[in-house]
1. Given Cα pairs under 8 Å that are at least 6 residues apart, what percent is the relative contact order of the stretch 182-301?
2. Would you mind getting me the FRET efficiency between LEU200 and THR45? Use the beta-carbon distance for r and R0 = 45 Å, nearest 0.05.
3. For the chain, set up a Gaussian network in which alpha carbons nearer than 10 Å are linked by springs, and say which option among ILE322, ILE56, ILE130 fluctuates the most.
4. Any idea how far the Cα center of the stretch 166-181 sits from the one of the stretch 63-102, in Å?
5. Using only Cα atoms, figure out Rg for the stretch 279-382 and give it as a multiple of 2.2 N^0.38 Å.
6. Please report the Cα spread of the chain along all three principal axes, rounded to whole Å, starting with the longest.
7. Work the Kirkwood hydrodynamic radius out for the stretch 1-95: mean of 1/r over every pair of different alpha-carbon atoms, inverted, in Å.
8. With the Cα gyration tensor of the stretch 166-228 giving a ≥ b ≥ c as the square roots of its eigenvalues, does the rule (a/c under 1.5 for rounded; else a/b larger than b/c for prolate; else oblate) give rounded, prolate or oblate?
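What follows draws every value from the coordinates through simple rules; no lab data is involved. Just so we're clear, the structure is a prediction, and the values are computed from it rather than from any experiment. We place every Cβ from the backbone using ideal geometry, glycine too, and count neighbours over all the protein chains shown.
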Amino acid sequence: MAARKTSFTRKLHLAFGAMLIITLALAWYFYDSVQWFEYDVERITIANSVLNGHRILSSQTTQKLSLIEDSVANEKIVDLPRWHDNIQVLRTSIIEIRQALAEDSELHNADAGAGAMDVLNEMERLVEAIIASGEIIRAALEEQRPDDARVELVQLHSSGTEEIFAELMLEALAASRKKLAEANTETVSLAHYITGVLPLFMLMLAGLTAMITWLFSRSLTRSVNELHHGAQAFSNDDLNHRIPELHEMEFERLGMAFNTMARQLAEHRAAMRDSNIRLEAIVEERTRALKSSNETLELVDENRRKLLADISHEFRTPLTVIRGESEIALRGKVKTKAEYKETLVRIMEQADQTTRLVDDLLFIARADAGEPRLKVRPLSLN
């Protein structure tokens with residue numbers, strides 16, 4: 001059964017997709033943790049502001065009551081600048097506490113701070129009552145009416161304002177401490193959550209990265225080694241080598257291209273070898289033909305030389321006879337008519353023989369040129 005082919009690009013996309021999902025999950029985890037951390041930090045800040053405001057309000061209220069009692073005891077205002085500053089600090093503390101409680105209600109998107117706001121409003125009423133009593137006492141002392149000042153102080157003590165304020169303050173401080181403790185506990189829990197889950201995310205990411213690296217390294221090494229081995233075989237003139245099937249389609253196509261190239265080169269080389277064999281056969285045949293032609297030409301040339309020698313000899317004989325007869329006829333005493341006639345007859349016989357030789361040469365030349373002139377006539381076999 002053929003191995004299932006996979007796409008290296010698809011595996012790469014899947015791997016990076018998985019890493020991207022884990023990275024996005026890690027980013028979301030950090031973002032959510034930071035949001036919760038900012039929320040807890042803001043809660044702690046608001047709780048601290050409320051707690052510090054209540055502490056300041058408590059200490060300044062105690063200080064105000066102490067200034068009132070000391071002034072009544074001494075029948076004069078003790079530290080008047082401090083008296084006025086105390087009133088300003090008391091009212092400022094209440095405003096700051098109210099703002100902090102409003103921020104806490106807005107942070108929770110609910111009316112969770114309504115009870116604390118009611119307590120603050122009640123404490124504000126009591127503080128303003130204390131301030132008002134103090135102002136009455138200050139006016140009485142400035143007008144030298146210490147008895148009226150003592151009466152006002154007794155009424156302040158008898159109204160239970162101090163006790164009620166103390167109870168409300170204790171309640172408010174306890175609620176503020178509780179909120180601060182809850183916020184601190186949530187922050188610690190969030191820190192434990194972050195330090196507990198973060199290593200798991202990092203371990204998952206590291207494990208996935210290591211696994212992807214190992215898988216891709218193994219796949220790439222196997223495929224690249226096969227391609228490298230094939231390229232070395234081809235470079236060593238082993239065109240019969242074939243790269244085996246690879247699992248990744250991209251490398252499989254590359255291996256098929258290498259195999260096709262090797263097959264085409266082998267076919268081209270075989271065709272060249274066959275062509276060289278045919279060319280060598282043709283060259284050998286042409287060489288034999290040329291050698292035969294040269295031998296024929298040498299034979300023809302030899303025959304030509306023999307023919308020329310024979311023709312020279314054949315022509316020389318009748319020409320010598322003709323010349324000799326002519327010299328004999330011209331030299332010596334005058335010959336008789338019969339003697340001249342006999343000489344001319346021999347000269348004419350030699351001329352006829354020479355003419356026949358010339359005709360034979362002309363016939364041979366025309367035969368060689370492919371244009372023989374034959375005289376066809378009936379001939380008696382007898």
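1. Relative contact order, the stretch 182-301: 15 percent.
2. Plugging the Cβ-Cβ distance into 1/(1 + (r/R0)^6) gives 0.90.
3. Answer for the Gaussian network model of the chain: ILE322.
4. 21 Å
5. Working: Rg = 23.0 Å, N = 104, 2.2 N^0.38 = 12.8 Å.
My calculation over the Cα atoms of the stretch 279-382 gives 1.79.
6. Largest to smallest, the principal-axis extents are 222, 56, 37 Å.
7. Numbers: mean 1/r = 0.0516 Å⁻¹.
For the stretch 1-95, the Kirkwood estimate is 19.4 Å.
8. Values: a/c = 15.19, a/b = 10.82, b/c = 1.40.
Because a/c hits 1.5 or more and a/b exceeds b/c, the stretch 166-228 counts as prolate.
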